[in-house]
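Reading through the structure tokens given below for one structure.
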Amino acid sequence: MNFKQLWNQVVFSFQDGHVLTVGHLVSAGIVLLLGLLMSTWISRLVHRRMKRSRLSPDTALTLRRLVLIFLLITTVLTTMGLLGVPISTFTFMSGAVAIGVGFGAQNIINNYISGWILMSERPVRIGDIIEIDNERGVVELIGNRCTQIRRVDGVHMMVPNSQLMERKLINWTLIDKQIRSTITVGVAYGSPVRDVERLINQAVKEHPQVLDEPEVVVTFSDFGDSALIFETFFWCEISAERQLRQIRSDIRFRIDELFREADIVIAFPQRDLHLVSTPVMDVRMIDHAD
């Protein structure tokens, strides 16, 4: 058998008389492979171009996926057209596959659909600080099946997309990057409370990342067991939770410096111990002689 005979060898024939030869299959395989490679390359190129623009990361990722899906569908339809296979031939097969997938991969389909809902409705976006199941972190990637979250300790969590849709989720930066924080400090009894209020307010306002609006608030919150308790509330604009921890740390350092200069003592727990002495009775043993 020469090459031409092998190329025209019939592999499969349809009821309408159409046949598939080795040449058809090889040509379709090459077109399909090149189409997949080109689709992946073009979608990545579009994604890189989008990231250089002013589009948000999640919008760029959504456009990349749409381009990839469009190119893949075009590749598959082109391959089927090259084979000359009518779409009606795959009607029964596609229905059977859909039923099997529906029963065997419900969770995967649920997560996949949830991922597209997240990308379209955008209750969670790439770069948002979220909290779910008492775990807090920054969203780094919204995938087809799960979302990648980097916790504050650097550990990456992979959360199924369906859980982000079904469970209670707190998005700290849904509308904007502004977050309110608070610092509590206790001073010794007898300290000048108005000076304490002024120095705390000064320390907070001096930090460059603290916003002027809403205004910084300092409250005298309580008479504690060993201290006068003050709280300050302030707003700052951040992109990661670790920035908020650093801001609070800087403000605490500054409060300590200002208090030392003003001879204001930051209180610490104190306990008074009272010793009570009781008279000791002198007990004597008396021997009775017979």
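Looking across the range 117-152, the residues that are more than 8 Å from the chain's Cα centre (by Cα), part of a strand (DSSP E or B) and of a type outside the set (A, V, I, L, M) come down to 135, 146. Regarding residue 253, is this residue out of contact with any helix residue (DSSP H, G or I) (no Cβ under 7 Å at 6 or more places or on another chain) and either part of a strand (DSSP E or B) or on the phi > 0 side of the Ramachandran plot (or both)? Answer is no for this residue. Please specify each residue of the range 258-271 satisfying the condition of being touching a residue at least 24 places away in the same chain (Cβ under 8 Å) and either under 40 Å from the mean Cα position of the chain (by Cα) or assigned to a helix (DSSP H, G or I) (or both). Listed by number, the residues that qualify are 258, 259, 266, 267, 268, 269.
Being more than 30 Å from residue 111 (Cβ to Cβ) and either crowded, with 16+ Cβ neighbours inside 10 Å or over 21 Å from the mean Cα position of the chain (by Cα) (or both) is a property that holds for residue 229. Condition check: closer than 30 Å to residue 252 by Cα, buried (at least 18 other Cβ atoms within 10 Å of the Cβ) and either free of Cβ contacts under 8 Å to residues at least 12 places away in the same chain or outside the structural domain of residue 235 (by TED's automatic domain parsing) (or both). Does residue 187 satisfy that? It is false that residue 187 is closer than 30 Å to residue 252 by Cα, buried (at least 18 other Cβ atoms within 10 Å of the Cβ) and either free of Cβ contacts under 8 Å to residues at least 12 places away in the same chain or outside the structural domain of residue 235 (by TED's automatic domain parsing) (or both).
Checked against (1) free of Cβ contacts under 8 Å to residues at least 60 places away in the same chain; (2) touching an Asp or Glu at 6+ places or on another chain (Cβ under 7 Å), residue 177 passes all but condition (1). The residue of the range 113-159 that is surrounded by the most Cβ atoms within 10 Å (Cβ to Cβ), among those that are within 23 Å of residue 243 (Cβ to Cβ) and among the polar types (S, T, N, Q), is 147. Picking from residues in the range 54-78 that are touching a helix residue (DSSP H, G or I) at 6+ places or on another chain (Cβ under 8 Å) and free of Cβ contacts under 8 Å to residues at least 12 places away in the same chain, the one that is surrounded by the fewest Cβ atoms within 10 Å (Cβ to Cβ) is 55.
The values are calculated or read from the model by the stated rules, or taken from the named source; none is laboratory data. All figures in this text were calculated on a predicted structure; none of them were measured in a lab. Positions of Cβ are generated from backbone atoms using ideal geometry, with glycine treated the same way; all protein chains shown enter the neighbour counts.
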